[in-house]
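The values are calculated or read from the model by the stated rules, or taken from the named source; none is laboratory data. Not measured: the values here are computed from a predicted model. FYI the Cβ positions are ideal-geometry reconstructions off the backbone, even for glycines, and counts take in every protein chain you see.
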Amino acid sequence: MRKSAEIPQISFLNAQQKRFEFELISIEEALSGRGRSGHSPFRPHRIAFYAILFVTKGRGHHFIDFEKFSFRKGSIIFLSKEQVHAFEKNSRMEAFILLFTEKFLERSSLGSHLMQQMSIYNYHLYAPVMHLKKENFDKFAELIYRMKEEYETADDFATEEIIQSTLKIFLFQAERIRKRKLKTQSRSYYQEEFSSFQRLLKKQMVSNRQVHFYARELGFSTKKLNRITQEIVKMPAKNYINETLILEIKRLLMNTNLSIKEIAYMTGFEAPTNFVKFFKKYAEITPAEFRKRF
């Protein structure tokens, strides 16, 4: 993944000009740039909406937030808004892509707040790629074709509502698989507490990176917070805080033309030298080298 001067953010563009913010297209349409901004899908870019790739044939890799994930027939790739991602040129795949905005969700009973709580979009609980078994693949494929049929016909009574309902079933079926996996791995006990920690960390990590601060705000002891993170992500709370901040810094390095110094102050460091030392310690590379590499 190479870096251009600035990674573009791709806004939602509905090729069929539907009145609602949902689109279902083939992988061929997406890779040809039809209905998009013209930016190459093989170069890093951010999306300002949610996306789901449902792979029906082939295998390969997809880049998400600076990591490489494999996929095959029966894989579902969940992409969240603001993530940096790119297609691999050598990947061979046939797939459908669902694109939808928060507004589309907010107009349904699903609601965008529920998306944030779902483990399918919580990459610290699971990888963004789900691999389905044969019996589950057929169930999800049926839902995809139902949405495709509804989407490609002219707007009719309750067209949007039918797509929303089918998407809701799709998402909850995926969440059911995730929940079952949580139970088999005995990691579900602290899931709610961990999600609360994640939400607080997202709001406060620039101003505070101390474990005792988050424990106090959540009403836990530091020992319990460490037990929660060890159970869910297999690391102490301090490590998780630092890893979350490193990911945010990487996004800023890739998504903006801000200087290293500006990003240092923006992410709560009093001096750029401390910022560089922190980044190199956890990323094993300097911020400037990271920008050049990607």
> Identify, please: which residue in region 264-284 is surrounded by 12 or more Cβ atoms within 10 Å (Cβ to Cβ) and among the small types (Gly, Ala, Ser) and is, among those, modelled with the highest pLDDT?
Replying inline: ALA264
>> Residue under question is ASN242, and the condition is that it be within 24 Å of ASP65 (Cα to Cα), of a type in the set (S, T, N, Q), touching an Asp or Glu at 6+ places or on another chain (Cβ under 6 Å) and surrounded by fewer than 18 Cβ atoms within 10 Å (Cβ to Cβ); does it hold?
In response: no
>> So in region 209-230, with the set limited to residues that are without any contact (Cβ under 8 Å) to a residue 40 or more places away in the chain and part of a loop (DSSP other than H, G, I, E, B), which one is nearest to GLU82 (Cα to Cα)?
In response: GLN210
>> Against the condition under 21 Å from ALA283 (Cα atoms), hydrophobic (A, V, I, L, M, F, W, C) and touching a Lys or Arg at 6+ places or on another chain (Cβ under 9 Å), how does LEU253 come out, does it pass?
In response: yes
> Out of all the residues in region 37-62, which are in a strand (DSSP E or B) and within 11 Å of the chain's Cα centre (by Cα)?
Replying inline: ARG46, ILE47, TYR50, ALA51, ILE52
>> Just to check your reading of the model, which residue among SER259, SER196 is small (Gly, Ala, Ser), in contact with a helix residue (DSSP H, G or I) (Cβ under 7 Å, 6 or more places away or on another chain) and not assigned by TED's automatic domain parsing to the domain that holds GLU82?
In response: SER196
